[in-house]
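The values are calculated or read from the model by the stated rules, or taken from the named source; none is laboratory data. Predicted model, so just to flag it, every value in this text is computed and none were measured. Positions of Cβ are generated from backbone atoms using ideal geometry, with glycine treated the same way; all protein chains shown enter the neighbour counts.
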Amino acid sequence: MGSSLAIKFRRRFPKLSVLAADNLKRRGSELNLVRLKEAGVFFEHVDIRVPHDLEELGSFDLLVDCAAEPSVQSGTSGSPRFVLDTNLQGTINCLEAARQRRAAFLFLSTSRVYPIAQLNGLPFYEDESRFRWKTSDGVPGFSEQGIAEEFPIRGPRSFYGASKLAGELLIQEYVYNTGLRALIDRCGLLAGPWQMGKVDQGVVTLWVARHYFGRPLSYIGFGGQGKQVRDILHVDDLFELLCRQLANPQVWDGRSYNVGGGMDVSASLKELTAVCVEATGNSIDIRPVCETNDVDVRIYVTDARRVSRDFDWSPSRNVPSIVEDIHAWLASNHASLRSVLDR
């Protein structure tokens with residue numbers, strides 16, 4: 001997301017100086033260096049866990065914090081120190097860097113701030129291709145449109161989700177105590193070209209890549225049928241929203257928005273498989289794994305009506321077009337991506 005957004009900002013606003021900062025830990029992230037240079041984006045090798053790295057960056061007007069250990073499974077077996085150091089201490093360091101420069105702060109948070117038990121406890125039924133929610137009165141922030149900002153946040157949510165929620169709370173304190181201008185976007189499932197998808201994060205790219213390269217997959221959890229559902233948001237649609245948010249400085253008061261594709265841009269894994277087969281022309285083996293991980297969620301769909309209303313924004317890309325875009329990227333960069341995604 002960071003490299004893609006940096007390039008898009010540079011192309012949309014060519015007079016801007018844009019800097020991408022990353023530690024290149026994630027396999028495949030090194031492939032972005034050529035893209036960034038060609039787009040005129042400066043790059044600095046920075047580890048946000050190290051305050052000195054951020055102190056060396058010079059002046060800036062806006063910091064977009066989309067750096068994270070993004071796997072919801074991080075810390076569930078063994079120490080959670082890495083995910084907490086990266087997502088929480090890293091965000092603290094970024095907040096301090098923004099405060100020192102009196103810069104605005106945009107935080108890409110996550111739908112995973114909402115507790116697992118509350119989400120999985122919502123009434124649902126099962127049809128041929130997916131799990132579907134039943135309507136239920138009396139649950140704040142829950143409707144046929146999905147999960148809104150008022151949904152209860154009491155309860156466990158994973159170390160990943162907790163680290164991001166803690167970051168949100170600290171942002172609000174910085175706004176209140178230091179006058180920081182900040183905005184929080186709780187993103188659902190993000191997707192698009194140049195996302196190096198893995199089993200535990202970036203599932204749409206993973207799904208398309210496995211079909212493209214002819215590698216096996218698994219339907220994991222909830223009976224192993226692939227009926228769990230997520231809504232999807234293309235990085236281009238996210239960028240369009242960020243541009244509209246930047247044009248409205250009066251809302252940069254630490255508020256949070258739920259940001260995602262919504263019910264119209266949602267799919268189960270089973271439905272995503274059908275779209276991938278159509279796009280790539282390949283069918284692959286998909287093994288059922290019935291056991292459900294403790295941090296897995298049966299259904300999550302974003303109710304994005306508030307952000308749509310406030311910024312006159314809505315996603316323009318549906319699930320087939322997102323898959324087609326990723327497939328075209330894979331085909332155009334087959335040689336360089338094979339060592340990363342064909343495994």
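Condition check ((1) part of a loop (DSSP other than H, G, I, E, B); (2) at pLDDT below 95) across all residues:
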{"position": "THR76", "(1), (2)": "yes, yes"}
{"position": "GLY90", "(1), (2)": "no, no"}
{"position": "LEU95", "(1), (2)": "no, no"}
{"position": "GLN118", "(1), (2)": "no, no"}
{"position": "LEU122", "(1), (2)": "yes, no"}
{"position": "GLY138", "(1), (2)": "yes, yes"}
{"position": "GLY155", "(1), (2)": "yes, no"}
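For region 1-34, filtered to residues that are in contact with a Lys or Arg (Cβ under 7 Å, 6 or more places away or on another chain) and more than 26 Å from ARG338 (Cβ to Cβ), the residue that is modelled with the highest pLDDT is VAL18.
Working only within region 1-58, note down all residues that are among the acidic types (Asp, Glu), more than 17 Å from the chain's Cα centre (by Cα) and outside any helix (DSSP H, G or I). Correct list: GLU44, ASP47, GLU56. For beta carbons closer than 6 Å, sequence separation of 6+ or different chains, a first residue in region 190-213 that is acidic (Asp, Glu) and a second that is in a loop (DSSP other than H, G, I, E, B) and surrounded by fewer than 19 Cβ atoms within 10 Å (Cβ to Cβ), the qualifying pairs are ASP200/SER71; ASP200/GLN73. Of the strands (runs of 3 or more DSSP E) lying entirely inside region 224-297, those containing at least 3 residues that are crowded, with 21+ Cβ neighbours inside 10 Å span 229-234, 253-259, 266-268. LEU190 is checked against (1) within 21 Å of the chain's Cα centre (by Cα); (2) outside any strand (DSSP E or B) and fails just one. What number does that condition carry? Here LEU190 clears every test but (2).
Looking across region 134-164 at every residue that is among the aliphatic types (A, V, I, L, M) and surrounded by fewer than 22 Cβ atoms within 10 Å (Cβ to Cβ), the one that is nearest to the chain's Cα centre (by Cα) is identified as ALA162.
The condition (being over 22 Å from the mean Cα position of the chain (by Cα), modelled with pLDDT under 95 and either among the aromatic types (Phe, Trp, Tyr) or not in a helix (DSSP H, G or I) (or both)) is satisfied by just one residue among ARG338, ARG343: ARG343.
Looking only at region 308-317, decide whether some residue is within 28 Å of GLY155 (Cβ to Cβ) and either free of Cβ contacts under 8 Å to residues at least 40 places away in the same chain or in a loop (DSSP other than H, G, I, E, B) (or both). The answer is yes, given that some residue of region 308-317 is within 28 Å of GLY155 (Cβ to Cβ) and either free of Cβ contacts under 8 Å to residues at least 40 places away in the same chain or in a loop (DSSP other than H, G, I, E, B) (or both). Only one of the listed residues (LYS37, LYS15) is out of contact with any strand residue (DSSP E or B) (no Cβ under 8 Å at 6 or more places or on another chain), of a type in the set (Lys, Arg) and surrounded by fewer than 17 Cβ atoms within 10 Å (Cβ to Cβ). That residue is LYS15.
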